[in-house]
Amino acid sequence: MPSSKRFLGKLCVAAWLAALCALGASEAMAARRVIYDAETHTIIHALAAPLLKAADLDPAGVDIVVIVDPDINAFVAGGPYIFINTGLILAAKNVGQVMGVLAHEIGHLRSGDVLRTRAAAAGASKAAVLSMILGAAAIAAGQGEAGAALLHGGRASATGAFLAFSRGQEAAADQAALDLLAKTGQSPRGLYDFMALLAGQEALLDTDRDTYARTHPHSRDRLATIERALATAPARDAPPPPHLAAGFARLRAKLTAYLQSSTTVRRRYPASNQSFAARYARAIAAHRAHQTADAVAALDGLIAGTPKDPFLLATRGAFQLDSGDAAGAEASYRAALRLAAALPETARAILTRDLAAALLAGNSAIKDREARDLLRPIGPWASDSPGYWRQRAIAHGRLGEVGAATLAHGEAALRRGRLKEAHDLAARARRQLTVGTPEHLRALDIENAVRNQLETR
């Protein structure tokens, strides 16, 4: 009988592959990706933390995953996980709107909607429901490309009976959101304003579509309920907590600068705007335009005002690494990590991964060895991306650890949906590694699991 750790490892590989293999690699690569960024992770979790506590949920036990997707959407899945699209964050006008959406999704988690959704799915297409569940699992496992495609396909093919149940859940989650906002002393105005935005967008769509063809109640219907609650809410005029508003402002600025055009950045954050968020966005935009000196100078101005901000130092490190200044990037990331003791474990892990990338860019045996040692103990969130495994492959390869390098390449291929490549690399790694070691057993598990999936296609 296999050990519990190896058995768990087999289950993880099999579950991950089940989600991945439900669609072709071309579809997977065309879908969206998960953001692995320490600042983004920390801010979005900080927004959710008071609401989770009010719902009697452990903030450390809920993962909030930001997906690069222009659609205005957020949803929950088993885990528990909350998924939020960058499109929603960028469309929101203030932090209250995002917190209203988060409160709604937390309402789903508190009421156990994910489990009930699975039970209620008996009357729906099994393939549709399975694709929704597996898609969420795939995103949570780091395969955002496959997961997003699976989720899209699942929602598109669901049946009316299932959606009717979903509408009831949505109405209950709206009420839960109102309760959670009240418990945390926050106004429901943000939730109302966001629903008003959605209702306005719906008015531009085909009004002849059957309401039962939707996964959510009409925003206009939900808006009326929230409006009544807003009229009597004790905190209806309360401003959002200043530190959360500031965090949202810099997150929105960062996403705008990285994901949208320079024209959009200039329009939203003109030179006349000297707020922290605007200066941050312009610094990132300058970096994207390859104006490295201007970008670093602008960022250094922000750092001078808040010298103990680890995220500004990490962003400077990213600028320096992209411009070929490996030594400068290393120094910036080390400084960021020295200031990161109070950050969530996942944020520290992501910063550690980033430091390892800077060390590898230094191209020396000593730095390669340090990078390898830093990367080995990193937890699952930071190690979910193909980039993490590419870093490990480089470090192992430069140090002459051929089997470990081959296995890391196989892990990266697996996360990119390249199953045949992952199988061949795992088989090669198995022959290169010492029999019975954890790495050898991992290679064997990947090889066997992928082979079984390929044979059943």
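The values are calculated or read from the model by the stated rules, or taken from the named source; none is laboratory data. Predicted, not measured: the structure shown is a model, and the values here were computed from it. Heads up, the Cβs are rebuilt from the backbone with ideal geometry, glycines too, and the neighbour counts pull from every protein chain shown.
Quick notes on this one:
- Flag if Ala371 is touching a Gly at 6+ places or on another chain (Cβ under 9 Å) and more than 22 Å from Ala426 (Cβ to Cβ): yes
- Per the conditions (1) surrounded by fewer than 20 Cβ atoms within 10 Å (Cβ to Cβ); (2) of a type outside the set (A, V, I, L, M, F, W, C); (3) under 23 Å from Gln453 (Cβ atoms), the sole criterion not satisfied by Thr406 is (1).
- Residue that is in a helix (DSSP H, G or I) and over 28 Å from Pro59 (Cα atoms), where the choices are Ala318, Ala349: Ala318
- Inside the range 354-379, residues that are under 18 Å from the mean Cα position of the chain (by Cα) and either modelled with pLDDT under 95 or more than 23 Å from His41 (Cα to Cα) (or both) make up a count of 2.
- Restricting the range 206-260 to residues that are among the hydroxyl-bearing types (Ser, Thr, Tyr), more than 22 Å from Val98 (Cβ to Cβ) and at pLDDT below 85, the residue that is surrounded by the most Cβ atoms within 10 Å (Cβ to Cβ): Thr211
- Conditions (1) free of Cβ contacts under 8 Å to residues at least 40 places away in the same chain; (2) closer than 25 Å to Ala199 by Cβ; (3) hydrophobic (A, V, I, L, M, F, W, C); number of the one not met by Phe83: (1)
- Residues located in the range 269-309, provided they are under 24 Å from Leu339 (Cα atoms) and outside any helix (DSSP H, G or I): Ser275, Thr306, Pro307, Lys308, Asp309
- Annotation: of all residues in the range 332-381 being touching a residue at least 40 places away in the same chain (Cβ under 8 Å) and among the β-branched types (Val, Ile, Thr), the one that is surrounded by the fewest Cβ atoms within 10 Å (Cβ to Cβ) is Thr346.
- Residue within the range 345-357 that is among the basic types (Lys, Arg) and over 26 Å from Ser262 (Cα atoms) present: yes
- Exclusive hit being under 27 Å from Ala329 (Cβ atoms), modelled with pLDDT under 95 and among the hydrophobic types (A, V, I, L, M, F, W, C), set Ala393, Ala382: Ala382
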